[in-house]
1. Could you check the range 29-108 for helices (runs of 4 or more DSSP H) lying wholly inside it with 3 or more residues that are surrounded by 24 or more Cβ atoms within 10 Å (Cβ to Cβ) and either in contact with a His (Cβ under 8 Å, 6 or more places away or on another chain) or of a type outside the set (Gly, Ala, Ser) (or both)?
2. Any chance the range 138-159 includes a residue that's buried (at least 23 other Cβ atoms within 10 Å of the Cβ), modelled with pLDDT of 85 or more and at negative phi?
3. Find the residue count for the range 109-124, including only residues that are part of a helix (DSSP H, G or I) and either surrounded by 24 or more Cβ atoms within 10 Å (Cβ to Cβ) or on the phi > 0 side of the Ramachandran plot (or both).
4. Please verify whether the range 6-27 includes one or more residues that are of a type in the set (Ser, Thr, Tyr) and either crowded, with 22+ Cβ neighbours inside 10 Å or farther than 20 Å from LEU230 by Cα (or both).
5. When you scan the range 178-204, how many residues do you find that are over 21 Å from LEU53 (Cα atoms) and basic (Lys, Arg)?
6. Report, ordered by the first and then the second residue, all pairs with beta carbons closer than 6 Å, sequence separation of six or more or different chains, a first member in the range 100-121 that is within 21 Å of GLY156 (Cβ to Cβ), and a second member that is hydroxyl-bearing (Ser, Thr, Tyr).
Amino acid sequence: MSALTGRTALLLTLPPLFWAGNAVVGRMLASQVSPISLNFMRWLLAGLVLLPLAGWVLKPGSGLWTHWRRFSLLGLLGVGCYNAFQYLALRTSSPVNVTLVASSMPLWMMLIGRLFFQARITRRQLASAALSITGVLFVLSRGQWSQLLALKLVPGDLYILVAAACWAGYSWLLVQRREPEAIRGDWAAMLLGQIVFGLMWSGAASGLEWAAGQGQWHWNTGVLAAMAFLVVCPSVLAYACWGKGVELAGPTLASFFTNLTPVFAAILSTLVLGDPPRWYHVVAFAFIVCGIALSARR
């Protein structure tokens, strides 16, 4: 893992921008497409986009199938769970709220790294996480600290906390580098391998959603345009940049860049949804940006 460079910073900044767009678009589609089915269709189309680039990884001798346990777990956490919980969260929470609560990511990253991967936690990382968590609490309390004791989380807040934990586990698994060299060196093959197994999880969940009478899908030009964006930017491009960025910077430092997502989400929500940020969002942004700056210092 190398020191933070301009190239690495760019690789880690683009995914939050795309994921902010994912939150805004997911909110727009909440009344037209059921969340689990949206996640399944998004990754199904992303897999089709990647087939011409990395279809070889599906062949018997590629090494994918002999490492099916690893890719099944990566697919469950990164494809099957993270985005599904985020879309569920967006049914009851705004894009800004969802992305701000997800700023608890550094804490999850440190806890999972320490518990399962013997990663050392430094004082600077703890201080950076404390700043980020302060920002999250400021949003949850709506800027009134006295309300924290009587705080009642809406379902969306709980869903996004689970999503953040899933993403932390996914990011730590990425840097274990236990897949064949041929797959590891090809970002499209690496992502397609995860999608193949992730579709098994998300497909099963989507089937249960429809069996329970909760499935819906209203096709129109707006939904088609939204799906095109979700497939290209938050899926293919964001995951490619994130995988390389985590490899270069390490999961813990990379996790602080995810806290840029609410900043981008606030801007996009204002432009697209006409939902401007509140004053407590601005204060939370300040805490989060300070956490990023502290964590990125050498």
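The values are calculated or read from the model by the stated rules, or taken from the named source; none is laboratory data. Bear in mind the structure is a predicted one, so any value in this text is a computation, not a measurement. Heads up, the Cβs are rebuilt from the backbone with ideal geometry, glycines too, and the neighbour counts pull from every protein chain shown.
1. Correct list: 35-54, 82-89, 95-101.
2. Of all residues in the range 138-159, those buried (at least 23 other Cβ atoms within 10 Å of the Cβ) come to 138-139, 159.
With modelled with pLDDT of 85 or more added as a condition, the list becomes 159.
So of that shortlist, the ones also at negative phi come out as 159.
Yes, the range 138-159 contains a residue that is buried (at least 23 other Cβ atoms within 10 Å of the Cβ), modelled with pLDDT of 85 or more and at negative phi.
3. So the first thing to find is which residues in the range 109-124 are part of a helix (DSSP H, G or I), and the list is 109-117, 123-124.
Still in the running and either surrounded by 24 or more Cβ atoms within 10 Å (Cβ to Cβ) or on the phi > 0 side of the Ramachandran plot (or both): 109.
Residues flagged as part of a helix (DSSP H, G or I) and either surrounded by 24 or more Cβ atoms within 10 Å (Cβ to Cβ) or on the phi > 0 side of the Ramachandran plot (or both) within the range 109-124 amount to 1.
4. Going through the range 6-27, the residues of a type in the set (Ser, Thr, Tyr) turn out to be 8, 13.
Pick out the ones that are also either crowded, with 22+ Cβ neighbours inside 10 Å or farther than 20 Å from LEU230 by Cα (or both) and you get 8.
Checked against the condition, which is being of a type in the set (Ser, Thr, Tyr) and either crowded, with 22+ Cβ neighbours inside 10 Å or farther than 20 Å from LEU230 by Cα (or both), the range 6-27 yields at least one hit.
5. 1
6. SER103/SER132; MET105/SER255; MET105/THR258; PRO106/SER132; PRO106/SER255
Rundown of residues vs (1) within 26 Å of ILE121 (Cα to Cα); (2) without any contact (Cβ under 8 Å) to a residue 40 or more places away in the chain; (3) not polar (S, T, N, Q), yes/no style:
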{"site": "GLN214", "(1), (2), (3)": "no, no, no"}
{"site": "LEU237", "(1), (2), (3)": "no, no, yes"}
{"site": "CYS241", "(1), (2), (3)": "yes, no, yes"}
{"site": "PRO251", "(1), (2), (3)": "yes, no, yes"}
